[in-house]
Amino acid sequence: MESALRTLEEIGRILASLDDFWDHWGFAPWSMGPFAGVSRRQRFVKDGFLGPIAEYCAVDYILWASGSGEDREILWKGVKPIPEVMTQRFVFLVENPWEARRIRSFALGFRGYVEFHAYRPLPDGGTGCGRVKDLTGLVDMGIWLSVTGHAAKNGGSEAGREEISVRP
């Protein structure tokens, strides 16, 4: 990233313009009220010796339009369990992130969980909760992709770098 990225509004505009990037990682545009970003649903299957023994889904949200603290509190209270979804993770891009995740279970966890995380992208690495590096890493990579015009597809390894063209 470069020092020209100063505000979350700029970062939000950059991330919102990366349709191909988000599509590559399985995300689609998502918005509700003051919140806007991307979301994806992933299916996980646990295999055993005789075949699949468990199956569940997780839904991830990366929100660059994160609303106010009051808006997030209303969302927190309004999130409901989704059939077949074990975890709903929300990552809010905010100016002053909180360090700990916020987690709530539905029916003692039998109907799933919701987690709220906060993150602030910065040129030398972001700040906030480190438990969702799979998602915050995508935020950082998306910004880097936009700024430089290319991204590492193989976990940052120099040997695995490929250039990806991005539409303007």
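The values are calculated or read from the model by the stated rules, or taken from the named source; none is laboratory data. Owing to the predicted nature of the structure, the values given are computational and were not obtained by experimental measurement. Here Cβ is always computed from backbone atoms with ideal geometry, including for glycine, and neighbour counts include all displayed protein chains.
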Answer yes or no: is there a residue in region 31-46 that is out of contact with any strand residue (DSSP E or B) (no Cβ under 9 Å at 6 or more places or on another chain) and surrounded by fewer than 16 Cβ atoms within 10 Å (Cβ to Cβ). yes
Which of the residues spanning region 10-32 are of a type in the set (Gly, Ala, Ser) and outside any helix (DSSP H, G or I)? Ser17, Gly26, Ala28, Ser31
How about region 14-24: which of its residues are crowded, with 16+ Cβ neighbours inside 10 Å and in contact (Cβ under 8 Å) with a residue 60 or more places away in the chain? Ile14, Leu15, Leu18, Phe21, Trp22
Condition first: within 18 Å of Arg111 (Cβ to Cβ), without any contact (Cβ under 8 Å) to a residue 40 or more places away in the chain and surrounded by 13 or more Cβ atoms within 10 Å (Cβ to Cβ). Now tell me which residues in region 47-82 satisfy that. Tyr56, Cys57, Ala58, Val59, Val79, Pro81, Ile82
Please go through region 10-26 and give me each residue that is closer than 25 Å to Met86 by Cβ and in contact with a helix residue (DSSP H, G or I) (Cβ under 8 Å, 6 or more places away or on another chain), ordered by number. Trp22, Trp25
Just to be sure, is Gly130 modelled with pLDDT under 85 and either surrounded by 20 or more Cβ atoms within 10 Å (Cβ to Cβ) or at negative phi (or both)? yes
Region 33-121: strands (runs of 3 or more DSSP E) wholly inside it with 2 or more residues that are over 28 Å from Asp20 (Cα atoms) and in contact with a helix residue (DSSP H, G or I) (Cβ under 6 Å, 6 or more places away or on another chain) are none
Residue list for region 59-116, filter: touching a Phe, Trp or Tyr at 6+ places or on another chain (Cβ under 9 Å), farther than 19 Å from Val38 by Cα and among the small types (Gly, Ala, Ser): Ser105, Gly112
